[in-house]
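Everything on this sheet refers to the single structure shown next.
Derivation of every value follows stated rules applied to the coordinates shown; laboratory data play no part. Bear in mind the structure is a predicted one, so any value in this text is a computation, not a measurement. Here the Cβ is made from the backbone with ideal geometry for all residues, glycine too, and neighbour counts use every protein chain on show.
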């Protein structure tokens, strides 16, 4: 079905997107920050979080419009485990700290996976996070900075097992807001064991549109509605890549699928209330 011909559900207004990509970027994007935010607003989003694998979007979000937020991705481009990068992002109004994405060992190991095709041609130096099932000590100060500013700590492209290690230590050190990015993407190694551990930690899982388009049906994020507490599910479309759907084409059909699977009340709560509560104090 042509997504542009499908209308949004009646409840799809004042929504929150925790994961949007825009230019400038080293990857092809549909539009810049302002046009991306405008395109999302046209699809019912009030709040948008801009993400860039290249580093910080905090400064960009500040001039992209009201209710637009940014954060910093801790790839090698910003020094990896850099508490200073977190501190600066927080003091400038950032709300998200993403662990390594294209610098993650798991990403590099799975670089030929179909779901990572959107990143081909863009490489950064590796950044290590976990050794022998233990968080490397250089990340402790990063976690402490996240906790001190009550930011959202997002898993980036760490594996499910690595995320459990990270989030266990983060929770121990006082981080209150934990989010797993596109958990069901095959290269991340989702498992029942990881699911149980993350639920016990109170970690939120991100449902998303682009991951569902790039992964087989059994790895759709919508399957998490059957296996994970719905009170811990949030929304991050992960749209923006120029070779994949625009918000106008991609959002309405996915929201309809969410509504069909979860029911209107649960769907609305996920993309409006729970996502906002995770993001903002």
Below 8 Å, C-alpha to C-alpha, sequence gap of six or more: please give me the relative contact order for the stretch 196-281 in percent. 31
Going from the fewest other Cβ atoms within 10 Å to the most, one would list 204, 228 as 228, 204
Among 95-105, 49-59, 253-263, what's the highest-first ranking by average C-beta atoms within 10 angstrom per residue? 95-105, 49-59, 253-263
Of the beta bridges DSSP finds with both residues in the chain, what % are antiparallel, to the nearest 5? 15
What per residue convex hull volume, in Å³, comes out for the stretch 1-151 when only alpha-carbon positions are used? 143
Is any residue of the stretch 85-109 close enough, with backbone N under 18 Å, to a label point placed 7 angstrom from the Cα of residue 63 along the Cα-Cβ axis, and if so, which? 89, 92-94
Would you please calculate the Kirkwood hydrodynamic radius of the stretch 101-203 over all C-alpha pairs and express it in Å, rounded to one decimal? 14.1
Percentage of Cα-Cα pair distances in the stretch 48-124 greater than 15 Å, rounded to whole percent? 55
Relative to the compact globular guide of 2.2 N^0.38 Å, what is the alpha carbon radius of gyration of the stretch 134-250, as a ratio? 1.09
To the nearest 10 degrees, how steep is helix 160-172 against the longest Cα principal axis of the chain, on a 0 to 90 scale? 70
Checking rank on 152-164, 116-128, 182-194, with mean other Cβ inside 10 Å and highest first, the result is 152-164, 182-194, 116-128
Output the relative contact order of the chain, whole-number percent, from Cα pairs under 8 angstrom with separation of 6+ residues. 22
Please compute the volume of the convex hull spanned by the alpha-carbon atoms of the chain and report it per residue in Å³. 111
Taking the Cα centroid of the stretch 162-205 and of the stretch 1-73, what is the distance between the two, rounded to the nearest whole Å? 24
Here the relative contact order (percent) of the stretch 70-133, from C-alpha pairs under 8 Å and at least 6 apart, is 38
